[in-house]
C-alpha cells in the first residue's frame, strides 16, 4: 500500500478521529426508542458541561494532532468516533461533507477518532485512506492505538460525537443523526442543529441523543 508523506493538515469544517474499533452491525434503535437514561446530562463517561479531555494522537501518516490546540476560543470543536467499516459512520461522514462545509461553518473543527485493534490490518487502513482520498471523509482522522482515549470518553458506538462550545465545554453528545438513514421519515442532523443553536446564542434544543450506530468491540481480532 502506498503511503503519503507527513503533509501538514489543513483544517476544513470537519475532522475525524479514528480510535480502534471492531464493529458489529449498525444498531436498530430509532429516535423513538433511544430514550434518555436516568442521568439526562450523561455524555459517555463524561457529563454535559465538562471540558473535552485533551489528547494527542496521530493520523495514518504519522501527523500528530493535539486536541487542545484546536480549542482557541474561536472555534467549536467536535470529536467524532468513526470507523471506515461502519455504514452508519459513513452515512454521517456524507452528511458532514454535505452540510458542515468550511464555507458555512468556518468556526467548526470536527475531529474524528478510530479506536479499533483492526487498524493495523492493511485492508482496514486502505478503506480509511480510500474514503479520505475520495472525499467521503473530508477531515483528518487520528488513530487511538493504545485505546486510551476511548477509555476516557466512553464511546460505545460509531458514530458518536462530543460537541464543545468555544470555551471547550461539552454542549451536545451522542448520535449525530436521529435515524440510521437520511432517507427515513423524520430524519434530523442533530449535530448540525446543536451547532446552529450554539452559534445563535441558544442552548441546544436537543443536547444529547443515545448512540444508535455500530457497536464498538475493542477486543483484539482472533
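Rule-based calculations on the coordinates, nothing more; no lab input. Nothing here was measured: the structure is a model prediction, and the numbers come from that model. Cβ atoms come from the backbone with ideal geometry, glycine included; neighbour counts cover every protein chain shown.
So the values come out like this:
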| quantity | calculated |
| --- | --- |
| Mean separation of Cα contacts under 8 Å (6+ apart) over length of the stretch 74-222, as relative contact order % | 29 |
| Mean-position separation - Cα centroids, the stretch 201-219 and the stretch 77-100, in angstrom | 12 |
| Sorted by Cβ neighbour density within 10 Å, fewest at the top, the residues 161, 149 | 149, 161 |
| Alpha carbon convex hull of the stretch 83-222, projected area averaged over orientations, nm² | 8.9 |
| Length added when fully stretched, residue 47-residue 136, from 0.36 nm per residue minus Cα-Cα | 29.0 nm |
| Ordering of 51-57, 181-187, 204-210 by burial proxy (mean other Cβ atoms within 10 Å per residue, highest first) | 204-210, 51-57, 181-187 |
| Using a Förster distance of 30 Å, the FRET efficiency for residue 94-residue 199 (Cβ separation, nearest 0.05) | 0.85 |
